[in-house]
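Colleague: Input: one structure, supplied below.
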Amino acid sequence: MRRGTDLQRTIRIADFELPRGAVPIETLMAMPRESWEHLRTQINIRRQEAPNTALARCRLCEGGVFIRAQAVDGDHVPFYAHFPDSPPTCPWYDGGTLTPDDARAAQYQGNQESALHRQLCQVIEAVAKADPRCKASAIDTYLRPAIHTRGRFPDIFLDMGDLGRFALEVQLSKPFAPEIAARHLHYEREGVRLIWIFRRLDEPLPQGFHDVITMQRGNAFIFDDDAQAASVARGTLVIKCLLEDGKGSYLKPRLVGLDDLQTSSGRSVFLEDRRSERLATYCREVRNRWWKAFQQAQRDKPASPFYSESFAPAWASVRAHVPDLSAWKDAYWATHADKGQAHLASLFAILCSIAHSAAQDSDVVYITRHSGDGALLAMLNSKVGSAAFAPYADMILQFLGVTRAAALGERASLQKIVRNARETHDQVTIDHPVWKAVVRLFPEALDGVVRAELIDLAQLPRWADPSSGPQSLG
């Protein structure tokens, strides 16, 4: 939380722990809200778990940084900012920050609770206690921790028997990101389900509310007059749930009880996970176009499928994300007398062979005539050893290393061919248009930010997880 609103400087590059790596400010600002909010949440969780081991550091001073959301035209724009204990001599230092305690004191002006807040807590506790499953309840009462030295004062505590124990935080004003992370971590460790409850969602929505909704996987919970009436009628606590629609708004509100919520997903409680499937869709959408094009090309031109016009729409889909591909395509023709589109299609087939083999625990090859056990390794030896694909040896080895087929990367035959490829050919790097295209086609493997988010959410697909089981390929 900054003093004042004037933007003095911003950190140009933050170095995250791998697999995220370097994330320039331009990349951060271009992210969809749910992506940078996830980063913001993970930074704050790390700050609570290990204050001296920052998840992200300033490139210049190596001080810890967080993501500050600046209100702009009814929305929020993400910027990097130094934590208070970062070196103030850094050329990118962005000025003083308030500690969470000071910010909270300024917000409440010394008064932590309003009359409305107290009244809402009393009503929520009363309707919850009407449920015969409720074994105990309390308002603003200290909970002695089971495994930690410091407890918490939840707005409302409910012991609902077999349904579980719940901490309900009633928020009328914006919560602060560090406190959101701290409470989720604490209650997760204590086996208590944390639910944030709002009275309403104002426009523009404060960033603190966005942070809560991110933690609750795109779910906003409200206790308003409708929820209160339903609670009285049903004899149990009912809250209104608003689910993100994926278009910047919400679906029609639903009245739900505590037993309707998913409570087995670690620190998150939600009705439906509205974030993970959108991320999975993002990962699949461009690759699926290429896969369908490849299948059609095999039917149209089985002898030379990579030169089929079926790939034209797929090429357009990835070029929309990597405009530099157009110039590369022209240059590739000039230097190789071959079509760049066909070359990329062939590389796609190589990587699909790895991914599909990893997914099926058996050798699947789409670009050579090798078959049976050992086909994938034989194909890789053949292609990486060729002049056409030797420049991609580093890329292919890195891709292989983050899949269930990673063990193949240690085979002596492939290691020898990779060494020779490096000695005889300049390697394509992460700044090359083809590398960028492959990152968009297989973000689960090569996009550090996306891969890390999938890991955080326990949503990394099996084929892209080297630790997910035996690797018997080859």
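The values are calculated or read from the model by the stated rules, or taken from the named source; none is laboratory data. Keep in mind that what you see is a predicted model, and the values were worked out from it rather than measured. Every residue, glycine among them, receives a Cβ derived from its backbone with ideal geometry; neighbour counts consider all protein chains shown.
Colleague: Given (1) in a helix (DSSP H, G or I); (2) free of Cβ contacts under 8 Å to residues at least 24 places away in the same chain; (3) of a type in the set (D, E, K, R), identify the lone condition not met by LYS240.
Modeller: It is condition (1) that LYS240 fails.
Colleague: Inside region 337-380, can you point out the residues that are among the polar types (S, T, N, Q) and farther than 15 Å from VAL402 by Cα? Step through it out loud before you land on a result.
Modeller: Our first condition is that a residue be among the polar types (S, T, N, Q); within region 337-380, this holds for 341, 346, 353, 357, 360, 362, 368, 371.
Answer for region 337-380, where residues must be among the polar types (S, T, N, Q) and farther than 15 Å from VAL402 by Cα: GLN341, SER346, GLN360, SER362, THR368, SER371.
Colleague: If you go through region 272-325, how many residues are loosely packed, with under 15 Cβ neighbours inside 10 Å and β-branched (Val, Ile, Thr)?
Modeller: 1
Colleague: What are the pairs, 6+ residues apart or on separate chains, where a residue within region 374-392 that is without any contact (Cβ under 8 Å) to a residue 24 or more places away in the chain has its Cβ under 7 Å from a residue that is part of a loop (DSSP other than H, G, I, E, B)?
Modeller: ALA375/ASP363; ALA375/VAL365; ALA378/HIS370; SER382/THR368
Colleague: Of LEU473, LEU457, LEU441, which residue is more than 15 Å from GLY401 (Cα to Cα), modelled with pLDDT under 95 and not charged (D, E, K, R)? Talk me through it step by step, then tell me what you get.
Modeller: Working: LEU473 fails: more than 15 Å from GLY401 (Cα to Cα); LEU441 fails: modelled with pLDDT under 95.
Unique residue meeting the criteria: LEU457.
Colleague: Could you please find all residues in region 249-261 being without any contact (Cβ under 8 Å) to a residue 24 or more places away in the chain and in a loop (DSSP other than H, G, I, E, B)? Before the answer, list the steps.
Modeller: Within region 249-261, the subset without any contact (Cβ under 8 Å) to a residue 24 or more places away in the chain is 249, 251-252, 254, 256-257, 260.
Passing the criteria: SER249, LEU251, LYS252.
Colleague: Here's another thing I want to ask about it. If I go through region 399-408 residue by residue, how many of them are surrounded by fewer than 20 Cβ atoms within 10 Å (Cβ to Cβ) and in contact with a helix residue (DSSP H, G or I) (Cβ under 7 Å, 6 or more places away or on another chain)?
Modeller: Just the residues of region 399-408 that are surrounded by fewer than 20 Cβ atoms within 10 Å (Cβ to Cβ), to begin with: 401, 406-407.
This time we only want the ones that are in contact with a helix residue (DSSP H, G or I) (Cβ under 7 Å, 6 or more places away or on another chain), so: 401, 406.
Summing the residues that are surrounded by fewer than 20 Cβ atoms within 10 Å (Cβ to Cβ) and in contact with a helix residue (DSSP H, G or I) (Cβ under 7 Å, 6 or more places away or on another chain) in region 399-408 gives 2.
Colleague: Across region 117-173, which residue is surrounded by the most Cβ atoms within 10 Å (Cβ to Cβ) among those that are acidic (Asp, Glu) and at pLDDT 90 or above?
Modeller: ASP155
Colleague: What number of residues in region 305-345 are over 18 Å from ASN288 (Cα atoms) and part of a loop (DSSP other than H, G, I, E, B)?
Modeller: Qualifying residue count for the region: 5.
Colleague: Go through (1) over 25 Å from the mean Cα position of the chain (by Cα); (2) in a helix (DSSP H, G or I) for ALA280 and report which single condition fails.
Modeller: (1)
Colleague: Now for a different question. Show the residue pairs meeting these rules: Cβ distance below 7 Å; 6+ apart or different chains; first residue within region 15-44 and without any contact (Cβ under 8 Å) to a residue 40 or more places away in the chain; second residue outside any loop (DSSP other than H, G, I, E, B).
Modeller: Partner pairs satisfying both residue conditions: ALA22/ILE13; ALA22/ASP15; PRO24/ILE13; ILE43/ALA56; ILE43/PHE66; ILE43/ILE67.
Colleague: Is it the case that region 226-246 has a residue that's modelled with pLDDT under 90, outside the structural domain of ALA71 (by TED's automatic domain parsing) and closer than 24 Å to ARG40 by Cβ?
Modeller: Of region 226-246, the ones modelled with pLDDT under 90 are 246.
Those still in the list that are outside the structural domain of ALA71 (by TED's automatic domain parsing) too: 246.
Cutting the leftovers down to closer than 24 Å to ARG40 by Cβ gives us 246.
Among the residues of region 226-246, at least one is modelled with pLDDT under 90, outside the structural domain of ALA71 (by TED's automatic domain parsing) and closer than 24 Å to ARG40 by Cβ, which makes the answer yes.
Colleague: Right, next: Evaluate region 312-325: report whether one residue or more is farther than 20 Å from TRP463 by Cα and over 27 Å from the mean Cα position of the chain (by Cα). Break it down into steps so the answer makes sense when it comes.
Modeller: Our first condition is that a residue be farther than 20 Å from TRP463 by Cα; within region 312-325, this holds for 312-325.
Still in the list and also over 27 Å from the mean Cα position of the chain (by Cα): 312-313.
Checked against the condition, which is being farther than 20 Å from TRP463 by Cα and over 27 Å from the mean Cα position of the chain (by Cα), region 312-325 yields at least one hit.
Colleague: Just checking, how many residues over region 393-424 are among the hydrophobic types (A, V, I, L, M, F, W, C), touching a residue at least 24 places away in the same chain (Cβ under 8 Å) and over 24 Å from PHE306 (Cα atoms)?
Modeller: Adding up the residues that qualify gives 8.
Colleague: Another question, then. With respect to ASP245, determine if the residue is among the acidic types (Asp, Glu) and within 20 Å of ARG165 (Cβ to Cβ).
Modeller: On the way: among the acidic types (Asp, Glu): yes; within 20 Å of ARG165 (Cβ to Cβ): no.
No: the conditions fail for ASP245.
Colleague: Please identify the pairs in which a residue from region 169-181 that is farther than 21 Å from ALA138 by Cα has its Cβ atom under 9 Å from the Cβ atom of a residue that is at pLDDT below 85 and small (Gly, Ala, Ser), counting only partners at least 6 apart or on another chain.
Modeller: Partner pairs satisfying both residue conditions: SER173/SER114; PHE176/ALA103.
Colleague: Looking at region 376-383, can you tell me whether even one residue there is part of a loop (DSSP other than H, G, I, E, B) and either out of contact with any strand residue (DSSP E or B) (no Cβ under 9 Å at 6 or more places or on another chain) or over 21 Å from ARG451 (Cα atoms) (or both)?
Modeller: Applying the first criterion (part of a loop (DSSP other than H, G, I, E, B)) to region 376-383 yields none.
No, region 376-383 contains no residue that is part of a loop (DSSP other than H, G, I, E, B) and either out of contact with any strand residue (DSSP E or B) (no Cβ under 9 Å at 6 or more places or on another chain) or over 21 Å from ARG451 (Cα atoms) (or both).
Colleague: Can you pull out the helices (runs of 4 or more DSSP H) entirely within region 411-474 that have at least 2 residues that are of a type in the set (A, V, I, L, M, F, W, C) and within 24 Å of ALA387 (Cα to Cα)? Give the steps one after another, and end with the answer.
Modeller: Details: elements: 412-424, 433-441, 443-446, 448-456.
Per the criteria, 412-424, 433-441.
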